[in-house]
Structures are given as C-alpha cells and as structure tokens.
1. In whole Hz and in residue order, list the ³J(HN,Hα) couplings for region A:22-37 that follow from phi through the Karplus curve 6.51 cos²θ - 1.76 cosθ + 1.60, θ = phi - 60°; x for Gly and Pro.
2. Check which residues have an amide H placed less than 5 Å from A:Ser30's amide H, if you skip close sequence neighbours.
3. Evaluate the relative contact order of chain B (contact order divided by residue number), counting alpha-carbon pairs under 8 angstrom at least 6 apart; express in whole percent.
4. Residues with amide H under 5 Å of A:Thr98's amide H, sequence separation 5 or more or different chain, H placed in the peptide plane at 1.01 Å from N; which?
5. Each residue of region A:47-53 in turn: what ³J(HN,Hα) in whole Hz from Karplus with 6.51, -1.76, 1.60 and θ = phi - 60°, glycine and Pro shown as x?
6. Scan around B:Gln17 for amide H atoms under 5 Å from its own, H built in the peptide plane at 1.01 Å from N, and keep only partners 5 or more places away or cross-chain.
7. Need the C-alpha centroid separation for region B:1-51 versus region B:72-112, integer Å.
8. Using each residue's phi in region A:3-14, evaluate 6.51 cos²θ - 1.76 cosθ + 1.60 at θ = phi - 60° and report the 3J(HN,Hα) Karplus result to the nearest Hz, with x for Gly and Pro.
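Any read-out appearing in this document is the output of simple, stated calculations on the displayed coordinates, not a laboratory observation. None of these values were measured; they are calculated from a predicted model. We place every Cβ from the backbone using ideal geometry, glycine too, and count neighbours over all the protein chains shown.
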Amino acid sequence: GENVEQHPSTLSVQEGDSAVIKCTYSDSASNYFPWYKQELGKRPQLIIDIRSNVGEKKDQRIAVTLNKTAKHFSLHITETQPEDSAVYFCAASRPSNTGKLIFGQGTTLQVKP
Amino acid sequence: EAGVTQFPSHSVIEKGQTVTLRCDPISGHDNLYWYRRVMGKEIKFLLHFVKESKQDESGMPNNRFLAERTGGTYSTLKVQPAELEDSGVYFCASSQDRRAAFFGQGTRLTVV
C-alpha cells in the first residue's frame, strides 16, 4: 500500500547548524509533497511544498529537494534557531485523485541554544 | 480569515460511550479531510469529503466511526461506542485545490 518512511525520528542540533530530514515514498503516482511543522500543542502548519515537476524549492532558510527516480525528498533547514524546534512531518499525495496526505512518522527536531 | 476550527479541544469519555467531534473548515473550501494521530505515530488519513459527498473513506477504522458533512459546510465525526484504541488526536483539514491543506488544532480524545 501507500507508505512514506521518514528519518530520523529525532534530531538534535546546535543553534546555527543545519538540519536535514529525509523521506521516501512508495506510490510512484504521488506528485505533491508538503512539509508540516507542528509546535507543541499547536496545529500542523504547512511550511513548504514541492510538486513533482520541480527538483528543488527554497524559502529563506528552508529548502526541499525531490528525486523522483529514487522516490526521495528531503527538508533542509539552515542556520537553525531555537524556534525551529518542533515535530516535522513529510507527506505525499496525488491531488488529481483525492489529495489525501500519506504522512511520514514525524521527526522531533531540537535546536539547542 | 478564520482558520479550520475544531470542537472540543479535549474529550475524556468512558469505554462504550459516544463522542461527536466537530470541524468547521475554511469558508469556501470544498475539500474536507479527517486524520488521526495515535500514540505518537504518524498522522493517518480517515476520510475525504468534497462538499457533502464522501469521496474516500478508505481510512475509516470500522463501522463505529461515522462522518457527516450536511450541507457541505461543517463536518462531524461520531464514534459509537468508543473503545480504548480510539484514543488519539483527531485532526480536520480543509483545502481548496487538494494540495495545500490547512489543519485545525485537533481534538484530543481519551477513552478510559
């Protein structure tokens, strides 16, 4: 069935360092890949997304890369700050179908001051 | 613009009781989704509405779960009778284009 694997499950970095979270998806028909950030007690918030016709997308300190052949996509956060600490979820979907999101297991990122 | 709103934020019920969760999507969003996160695991899809019609309910765990979206506006998810394994956080999300989905804050359901 449809599946998204996310690694690592936890990640601890020093403030100012970079953080990378990796995901692999199984459904080759997936063509939309959003990333959500969930701070403690708050709602998951969309922070960046990428469509399958693009290999990389950047938004300030956040970037996402996609390798369709390998069915891998990654989130890169540069110059991390304590407020980046949260649980990050990757997801894959087919908007042309129902658009339901298949989520990875989540990565708890801790940025130490 | 108001975001996705869910009620209640928390609910503690006894096994065998009934609970109804409510979701008010962003106005104008035809697509409404229910998801659930159990015990720190991944967020799992439950079902998808387009307006008042169920498009995909493949993620619904069993027939103790019933979702409705009368009039294509707000949606309810009823669990009857609740079991211990139903505990978790239930999220609602809405979307205009089946891409960017905006989530509510979730309802934390605890069945004791």
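1. Rounded to whole hertz, the list is 10, 9, 10, 10, 9, 7, 5, 7, 4, 9, 9, 9, x, 10, 10, 10.
2. For A:Ser30, no residues qualify.
3. Working: 281 pairs, mean separation 42.0, N = 112.
Relative contact order for chain B comes out at 38 percent.
4. Under 5 Å from the amide H of A:Thr98 lies no amide H from a residue far enough along the sequence or on another chain.
5. Working through the residues one at a time gives 10, 6, 9, 9, 9, 6, 8 Hz.
6. Here the answer is B:Ala82, since their amide H atoms fall under 5 Å of that of B:Gln17.
7. One Cα centre to the other: 2 Å.
8. Rounded to whole hertz, the list is 8, 10, 9, 10, 9, x, 7, 9, 8, 10, 9, 7.
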